[in-house]
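The structure appears right after this line, and notes come after that.
We did not get these values from a lab; they are worked out from the coordinates using the rules stated. What you are looking at is a predicted structure, and each value in this text was computed from that prediction instead of being measured. Here the Cβ positions follow ideal geometry from the backbone for every residue, glycine too, while neighbour counts run over all protein chains shown.
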Amino acid sequence: MNLSLQDYISIKIHQTDLHLTSYIKNKLEALNIAPEQNLVMMLLWEKDGLTQNQISIRLKKDKTNIARMASNLEQKGFISRVQCQNDRRSIKLFLTSRGKELGEKVIPIAESFHEMVVKDISKEELEQLEKTLAKISKNVDCLY
């Protein structure tokens, strides 16, 4: 083996993701929302009424996964699912009043978390990180 476990960039990215996810999971637990579900809610707080397919594309997640999350969020009372009139296969997700109230609690947590994560990282460093991560994703896409 040419590289040690700690030399693999993919492992470093994975470990960082686990660390970030663990932190935010802890913060959201009391609000009855999982980090993955929160991603769906963040999109709806930006633009209510997105279709499950639009969410699937934006989050780069399969449709079945999004449908399952939407069902869970609906059961919790955070969203309602409405079948589109012009395309019966398409389902739009809308925030309920409870979902909007949740946003008032979660958005400040997300903003504080973001500030903490990017603390002492320059705009240029963040831009370079985004470029590097995009290159890594492109390299992985070529493997399929």
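A few notes on this one:
- When the convex hull of its Cα atoms is viewed from all sides, the chain shows a mean projected area of 11.4 nm².
- Within-15-Å neighbourhood charge of Ser122 [Cβ basis; K, R +1; D, E -1]: -3
- Cβ-based exposure ranking for Glu130, Glu36, in which fewest neighbours within 10 Å come first: Glu130, Glu36
- Helical runs (DSSP H, four residues minimum) scored at -39500 (n - 2.57) apiece and divided by the length of the chain put the mean residue ellipticity at 222 nm at -21500 deg cm²/dmol.
- The stretch 43-126 - convex hull of the alpha-carbon atoms, volume per residue in Å³: 116 Å³
- Fewest-first ranking of Cys142, Cys84, using other Cβ atoms within 10 Å as the exposure measure: Cys142, Cys84
- Backbone N under 15 Å from the Met116 label point (7 Å along Cα→Cβ), restricted to the stretch 1-27: 17-27
- Inter-part distance where the stretch 79-106 and the stretch 126-144 are each reduced to a Cα centre, Å: 32 Å
- Listed peptides 99-105, 17-23 appear in the order 99-105, 17-23 once ranked by packing, highest mean of other Cβ atoms within 10 Å at the front.
- Note on Glu124/His14: beta-carbon distance plugged into 1/(1 + (r/R0)^6) with R0 of 35 Å gives a FRET efficiency of 0.90.
- When Asp7, Asp48, Asp120 are sorted by how many other C-beta atoms sit within 10 angstrom of their C-beta, beginning with the fewest, the order is Asp120, Asp7, Asp48.
- Pair Lys76, Ile136: separation of 7 Å Cα→Cβ label points (nm): 2.7 nm
- Taking each residue as 0.36 nm, the span from Glu29 to Ile109 lengthens on full extension beyond its C-alpha to C-alpha distance by 27.6 nm.
- Note on Lys123: lysines with a C-alpha under 18 Å away, same-chain residues under 8 apart excluded, are Lys131.
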